[in-house]
Amino acid sequence: MKQRIVTAIIAASVFLPIVYIGNFPFILLVYLMASIALFEMMRMKQIPSISLPAIVSLFSLWVFLLPTEYESFPIHIDMAVKGKVFLFLVLLLLIITVISNNRYSFDEIGFLILSVLYTGIGFYYLMETRFTGLLFVFFSLFLIWATDSGAYFIGRAMGKRKLAPTISPNKTVEGAIGGIVFAIIVALSFYFFSDLQNGIDLIRLIILSIFMSVFGQLGDLVESALKRHYGVKDSGSILPGHGGILDRTDSWLFVMPLFQFLFTL
């Protein structure tokens with residue numbers, strides 16, 4: 001527990017100021033985190049990090065992450081062009097199965113394509129949420145952290161019914177409900193003590209928060225299912241006591257796209 005707390009403090013002291021600064025430093029941080037997350041996915045599948053499929057996948061991720069509306073970014077590319085480049089890279093990955101004489105199977109290439117989408121969509125919308133406004137990204141992050149804390153503490157204190165015993169045996173239904181309650185409390189705090197009320201009404205915010213909390217917990221379970229399927233305890237070891245980047249951002253990958261979709265309705 002001591003190691004987890006120390007790591008969390010150090011990580012927060014680096015991450016939160018860069019989120020606050022935004023702009024190019026934040027984009028670089030997102031690129032770094034997303035790249036590490038992709039390599040963690042490769043590690044689960046035992047795909048060499050230094051290989052042609054890995055290099056093409058990493059480049060595909062970088063293309064996917066390119067901001068489309070951020071004026072200060074040196075490279076400008078609209079969604080249509082980005083989609084065409086990404087599709088070309090997908091075809092290139094498929095061609096690798098032929099030129100490598102099936103050294104890299106269709107199964108491995110399909111895994112890489114899905115991994116790029118899995119990590120790319122979530123981290124891209126983390127940037128989009130930051131560009132929408134600093135308040136929105138902090139709201140999303142604190143709601144995710146509140147969900148995790150509520151699920152942990154309520155689950156330990158009151159948890160009896162298993163939520164997904166074959167995927168994550170320690171998670172309980174009571175904990176999941178506790179996570180939703182904590183998320184609503186955070187949402188209400190932001191509504192009454194920040195400018196968030198100027199952009200959304202209270203009922204809509206509560207409904208949005210419930211969906212975000214549920215999807216955050218589903219994102220956590222998805223990564224747990226991946227690790228269990230591939231026999232991996234943690235996605236990585238870059239964060240002592242916490243595991244890898246995916247272990248800490250699995251909820252973000254589901255919540256950030258959902259927030260952008262629902263908030264703009």
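By its C-alpha gyration tensor, with a ≥ b ≥ c as the square roots of the eigenvalues, how is segment 155-195 shaped: rounded for a/c under 1.5, else prolate for a/b larger than b/c, else oblate?
prolate
Hey, if you drop one equal point scatterer on each alpha-carbon of segment 1-150 and run the Debye formula without solvent, what base-10 log of I(q)/I(0) do you get at q = 0.09, 0.10 Å⁻¹?
-0.35, -0.42
Over its Cα atoms, what ratio of radius of gyration to 2.2 N^0.38 Å does segment 137-235 give?
For segment 137-235, the normalised Cα radius of gyration is 1.16.
Given bins 10 angstrom wide, list per bin the percent of all Cα-Cα distances in the chain, short to long.
Percent of pairs per bin, in order: 7, 27, 35, 23, 8, 1, 0.
How do ARG248, ARG156 stack up against each other in accessible area, from largest to smallest, with a 1.4 angstrom probe?
Reading off the accessible areas and sorting them downward yields ARG156, ARG248.
Compute the normalised compactness of segment 225-265: alpha-carbon radius of gyration over 2.2 N^0.38 Å, N being the residue count.
Segment 225-265 yields a ratio of 1.48.
If you wrap a convex hull around the alpha carbons of segment 1-59, what volume per residue comes out, as a whole number of Å³?
Expressed per residue, the convex hull around the Cα atoms of segment 1-59 is 92 Å³.
Which FRET efficiency value, to the nearest 0.05, do you get for ARG4 and ILE55 by plugging their Cβ-Cβ distance into 1/(1 + (r/R0)^6) with R0 = 51 Å?
Step by step, r from the Cβ atoms, then E = 0.90.
Counting Lys and Arg as +1 and Asp and Glu as -1, each charge on the Cβ, what is the dipole of the chain about the Cα centre in debye, to the nearest 20?
Magnitude of the dipole: close to 820 debye.
Please express the shape of segment 186-265 as an equivalent ellipsoid: the semi-axes are the square roots of 5 times the eigenvalues of the C-alpha gyration tensor, given largest first in whole angstrom.
Ellipsoid half-lengths, sorted descending, are 31, 13, 9 Å.
When the helix-only estimate is applied to the chain (DSSP H runs of n ≥ 4, each -39,500 (n - 2.57), divided by the residue count), what is the mean residue ellipticity at 222 nm, nearest 500 deg cm²/dmol?
The helix contribution divided over the chain gives -25500 deg cm²/dmol.
Order of 17-23, 135-141 by packing, highest average Cβ count within 10 Å first?
135-141, 17-23
Would you work out if segment 107-173 is rounded, prolate or oblate? Take a ≥ b ≥ c from the square roots of the eigenvalues of the alpha-carbon gyration tensor; rounded if a/c is under 1.5, else prolate when a/b is larger than b/c, oblate otherwise.
It is oblate, given that a/c is not under 1.5 and a/b is not larger than b/c.
What residues qualify as long-range amide H neighbours of SER51, i.e. H under 5 Å apart, gap of 5 or more or another chain, H built at 1.01 Å from N?
Here the answer is none, since no amide H 5 or more places off falls under 5 Å of that of SER51.
Multiply the residue gap between ARG103 and GLN197 by 0.36 nm, knock off their C-alpha separation, and tell me the result in nm, one decimal place.
Here the answer is 28.3 nm.
So what J values fall out for segment 201-207 if you push phi through Karplus, 6.51 cos²θ - 1.76 cosθ + 1.60 with θ = phi - 60°, rounded to Hz, Gly and Pro as x?
Each residue of segment 201-207 in turn: 7, 4, 4, 4, 5, 5, 4 Hz.
Short version: ³J(HN,Hα) in whole Hz for each residue of segment 39-47, in order, from phi by Karplus 6.51 cos²θ - 1.76 cosθ + 1.60 (θ = phi - 60°), x for Gly and Pro, what are they?
For segment 39-47, the Karplus curve yields 5, 5, 4, 4, 4, 4, 8, 6, 9 Hz.
Using only the Cα atoms, what convex hull volume per residue in Å³ does segment 61-184 have?
135
Pick from MET41, MET127, MET33 the residue whose mean-square fluctuation is largest in a GNM of the chain, springs joining Cα atoms under 10 Å.
MET33
What distance in nm separates the two pseudo spin-label positions at LEU134 and ASN23, each 7 Å out from Cα along the beta-carbon direction?
Calculated label separation equals 1.2 nm.
Pop the C-beta distance of SER149 and TYR230 into the FRET formula with R0 = 22 Å and round what comes out to the nearest 0.05.
Efficiency computed from Cβ-Cβ geometry: 0.20.
I'd like the FRET efficiency for SER13 and GLN46, computed as 1/(1 + (r/R0)^6) with the beta carbon distance as r and R0 of 30 Å, rounded to 0.05.
Working from the Cβ atoms, E equals 0.30.
What do you reckon, how do ASP195, ASP250, ASP201 stack up by accessible area (1.4 Å probe), largest on top?
Final ranking, largest accessible area leading: ASP195, ASP201, ASP250.
For segment 136-178, go through all pairs of different Cα atoms, get the mean of 1/r, take its inverse, and jot down that Kirkwood value in Å.
10.6
For LEU262 and MET158, compute 0.36 nm times the residue count separating them, minus their Cα-Cα distance, and round to one decimal in nm.
Working it through step by step, the gained length comes to 34.3 nm.
Does segment 75-135 classify as rounded, prolate or oblate by the C-alpha gyration tensor (a ≥ b ≥ c root eigenvalues; a/c under 1.5 gives rounded; else a/b over b/c gives prolate, otherwise oblate)?
oblate
According to a simple spin-label model (label point 7 Å from Cα along Cα-to-Cβ), what is the distance in nm between ILE95 and LYS82?
Computed distance between label sites LYS82 and ILE95 equals 2.4 nm.
The values are calculated or read from the model by the stated rules, or taken from the named source; none is laboratory data. As the structure is a prediction and not an experimental result, all values here were calculated from the model. In this analysis, Cβ positions are derived from the backbone assuming ideal geometry, glycine residues included, and neighbour counts consider all displayed protein chains. Remember, those area values only see protein heavy atoms, side chains included, never the ligands or the DNA or RNA. Shrake-Rupley method; radii C 1.70, N 1.55, O 1.52, S 1.80 Å.
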